[in-house]
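Visitor: Take this structure, written in structure tokens, and hold onto it; I'll ask about it next.
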Amino acid sequence: MGVDIKLPIGLMFTILGIILTIHGFLTVANAELYKKSLGININLWVGLSMLVFGIFMLALSKKLKRPEAKK
Amino acid sequence: MEHVISLGWIDLLIMAVYIVFVLGIGWLLKRYMLTATDFLEAGRSLPAWITGLAFISANLGALEVFGMAASGAKYGIKTVHFYWIGAIPAMIFLAIFMMPFYYGSKARSAPEYLKLRFDEKTRGLNAISFAVMTVFTSGISMFALAELMRILLGWDFNFSLILSALIVLIYTYLGGLTSAIYNEVLQFFLIVIGFLPLSIIGLINVGGWEGLKEALSEVAVERGFSAGAYTASWQGMGSAATNPMGIQWFGLIMGLGFVLSFGYWCTNFLVVQRAMAAGSMRAARRTPLIGAIPKMFLPLLVILPGMIALKLLNDPESGFALLQKDGSDDFNSVIPMMLGHYFPTGLLGLGLTALMASFMSGMAGNVTAFNTVWTYDIYQSYINPNRPDKHYLRVGQFATVFGVIISIGTAYLAAQFDNIMDFIQLVFAFVNAPLFATFLLGMFWKRSTGHGAFYGLLAGIIAATVHHGLTLTAGEAIGIKGGWIHVFHQYPSEMALSFWTAIWAFVVCFIFTIIVSFSTQRTKSDNELKGLVYSMTPKYKEEGEKWYQSNIALAILVGAMAIVLSILFW
């Protein structure tokens, strides 16, 4: 199939990562919100992890495409 | 309408992004769906890492997630037996010993293998019961999700039901099996990232693994078990009375580890189909092995939250409670209630999206398995053979719509009659329990015949039914929990009863198949059995492969990892 699944996965996690990271930054001072998660700004942490994973997937999908193009 | 959790707009935004991507994948794949093979078998072209993750993801439906977390809260770490004993060995067996016949026979489905190996009636029995089972299973999980959304978020039951069905329908209709598999990979990563923070925060909250062990040992002693009953996987398994699961080691290993687990992982077309979609024999055999690696760590995502919930439930200061059903704790609500307990807005949306993803991967798995079996094993075989390929492509697409509509119907049925669903799941258990004996004898004993397989299977199903009718779970009313013929024996737990039902079904099917095979003529010559039976098939060898690249090496590695994990949590 001509669709590289790493591309949509990478894109989705990058977008979700950006949303959560921004949300985490904007709510840094909101202690009430993070009472549930033991005072940890979990949105920021998970958002950044997703961003890293998303970019990693995007990089992989690019890497695989180059040798194919050479052929 | 009163509800438990409130969502912010950011939670809804996350859900919306997910839905856009899921539908987008289906839309991207639409133009590649040219033949029935593309649509129903993913063109047999996918790499092993994709089919391997889909293999696990298709099994990781909402019922699995809810059920395993519920077991974690009820039985503690003993639930890992469903993974390390109840999945890994069977997945290795499927990869090394059975995949060569599934993939090499060029059968397009598990029932079709039975047709090639045995005869038409054995295939018919398997195909029809499987088709019915898939639509009911996806209906039940749809009901579970919509009901949860209603209680948790206050969403309208009909709205959640139709919305989720429609999303699954659109992406499986557009992109067929490929779309289901690609989305399963995406859903797998989402489930991991959405649930992992729950385990991490939960563990921090209860003072790490040591803290959890300490807290649960108090609970165990309070309930009359030894201190490690909830945190050491083999402690107290010597007798059914000394562990919370109510089963002893022999029943566990034979019932779960052998009959049920091999029956599920090695014969259920829902998972086997993922491996058959792989691009080569090597990739097909690699599929269950790659799936086995994340599978053995899934307890961290689904059982651990259950165990943490058990601790919180026994700590009056935690403020954590489960949903109530008929006046007692509804353990199926462990995961969603834990999400609500620990996750702030933002992550909460992600957690609930992961839950939706797990539900959709399970449902799409059922729908795509259904449309293949319907198109090839029922429609093309009995209703309308010898039509051009385009026709079967259309039938496959139509079956997708049809399957989703029946699933919606069964979801409403489940909403109406709670008991009917228990009853139907019980019937499926009877039908499936002996199946592994049939495949095992078919693949490894060339003398087994079509009559032997068919009547052996019937005998196994009857044995399961009769065993259930003659035994009862202690403390339960006669009926759906057994004993409806006469109560000869009482099992200490429902799990023990279902394990032993499966053991009996398997043994009876095995013996009957052998007896009937010996008393009937062989219908397939040695030559016809080439590629279908072990002794008639040339040994498969991959060209130019170093020993450490082989599937055998990977299988040994996977097995060793499972053993190490078992020892660590002994």
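Coordinate-derived values only; no laboratory data. No experiment lies behind these values; they were computed from the predicted model shown. Don't worry about glycine lacking a Cβ; one is built from the backbone with ideal geometry, like all the others, and counts go over all protein chains shown.
Visitor: So how do B:39, B:506 line up by other beta-carbon neighbours within 10 Å, fewest first?
Guide: The most exposed by this proxy come first: B:506, B:39.
Visitor: If you count, for every residue in A:18-24, the Cβ atoms of partner chains within 10 Å of its Cβ, what is the mean?
Guide: Taking the mean over all residues of the peptide, I get 4.
Visitor: Okay, moving on. How many nm separate the modelled label positions at residue B:16 and residue B:519, each set 7 Å beyond the Cα in the direction of the Cβ?
Guide: Output for this residue pair reads 6.8 nm.
Visitor: Moving on to the next point. Using only Cα atoms, locate the centre of segment B:1-29 and the centre of segment B:234-277, then give the distance between them in Å, rounded to an integer.
Guide: For segment B:1-29 versus segment B:234-277, the Cα centre distance is 35 Å.
Visitor: Continuing with this model, one more query. How do B:223, B:286 rank when sorted from fewest to most other Cβ atoms within 10 Å of their own Cβ?
Guide: Listing B:223, B:286 from fewest to most nearby Cβ atoms yields B:223, B:286.
Visitor: Evaluate Rg over Rh across the protein assembly as shown, taking Cα atoms for both radii and Kirkwood's formula for Rh. Intermediate values should be presented prior to the final figure.
Guide: On the way: Rg = 24.2 Å, Rh = 25.3 Å.
Expressed as Rg/Rh, it is 0.96.
Visitor: With r as the distance between the Cβ atoms of residue B:527 and residue B:210 and R0 = 60 Å, compute the FRET efficiency 1/(1 + (r/R0)^6) and round to 0.05.
Guide: Taking R0 as 60 Å, the efficiency between residue B:210 and residue B:527 is 0.45.
Visitor: Determine the distance separating the Cα centre of segment B:321-349 from the Cα centre of segment B:73-145; give it in Å without decimals.
Guide: 31 Å
Visitor: Only counting other Cβ atoms within 10 Å, I'd like B:222, B:147 sorted with the fewest neighbours first.
Guide: B:222, B:147
Visitor: Taking 7 Å along the Cα-to-C-beta vector as the label spot, tell me the residue B:328-residue B:391 distance in nanometres, rounded to one decimal.
Guide: So the label points at residue B:328 and residue B:391 sit 5.5 nm apart.
Visitor: Once you have the Cα-Cα distance between residue B:477 and residue B:382, take 0.36 nm times their residue separation minus that, and quote the gain in nm to one decimal.
Guide: Full extension from residue B:477 to residue B:382 adds 30.0 nm.
Visitor: So how far, in whole Å, is the C-alpha centre of segment B:155-173 from the one of segment B:434-451?
Guide: Here the two parts' Cα centres lie 40 Å apart.
Visitor: For segment A:6-66, place one equal point scatterer on every Cα, skip the solvent, and apply the Debye formula. What is log10 of I(q)/I(0) at q = 0.24, 0.25 Å⁻¹?
Guide: -0.83, -0.87
Visitor: With each label point set 7 Å from Cα along the Cα-Cβ vector, what nm distance links residue B:35 and residue B:550?
Guide: Those two pseudo-labels are separated by 3.3 nm.
Visitor: What's the average, rounded to a whole number, of partner chain beta-carbon atoms within 10 Å of each residue's beta-carbon in B:43-55? Before the final figure, lay out the partial values.
Guide: Numbers: counts 1, 0, 1, 2, 1, 0, 1, 3, 0, 0, 1, 0, 0.
Across B:43-55, the average partner-chain Cβ count within 10 Å equals 1.
Visitor: On average, how much area does the Cα convex hull of chain B cover when viewed from any direction, in nm²?
Guide: Dividing the Cα hull surface by four gives the mean projection, 25.6 nm².
Visitor: Given that compact globular proteins tend to follow 2.2 N^0.38 Å, what is the ratio of the alpha-carbon Rg of segment B:438-570 to that value?
Guide: Ratio of Rg to 2.2 N^0.38 Å for segment B:438-570: 1.48.
Visitor: Hey, what number do you get for the protein assembly as shown at 222 nm if only DSSP H runs of n ≥ 4 count, each worth -39500 (n - 2.57), divided across all residues, to the nearest 500?
Guide: So the helix-based figure for the protein assembly as shown works out to -22000 deg cm²/dmol.
Visitor: Here is a further query. Please find the FRET efficiency linking residue B:222 to residue B:402, where r is the Cβ-Cβ separation and R0 is fixed at 56 Å, and quote it to the nearest 0.05. Let's see the in-between values first.
Guide: Working: r = 52 Å, r/R0 = 0.93.
With R0 = 56 Å, the Cβ-Cβ based efficiency is 0.60.
Visitor: Using a 7 Å offset from Cα along Cα-Cβ at residue A:62, what residues in segment A:1-38 end up with backbone N under 12 Å from the label point?
Guide: Counting only backbone N, you get no residues.
Visitor: What ranking, highest mean first, results for peptides B:155-168, B:531-544, B:52-65, A:25-38 when packing means the other Cβ atoms within 10 Å averaged over each residue?
Guide: Listed from highest to lowest mean packing, they are B:52-65, B:155-168, A:25-38, B:531-544.
Visitor: If I take R0 = 25 Å and measure r between the Cβ atoms of residue B:422 and residue B:162 in this structure, what FRET efficiency does the formula 1/(1 + (r/R0)^6) give, to the nearest 0.05?
Guide: 0.50
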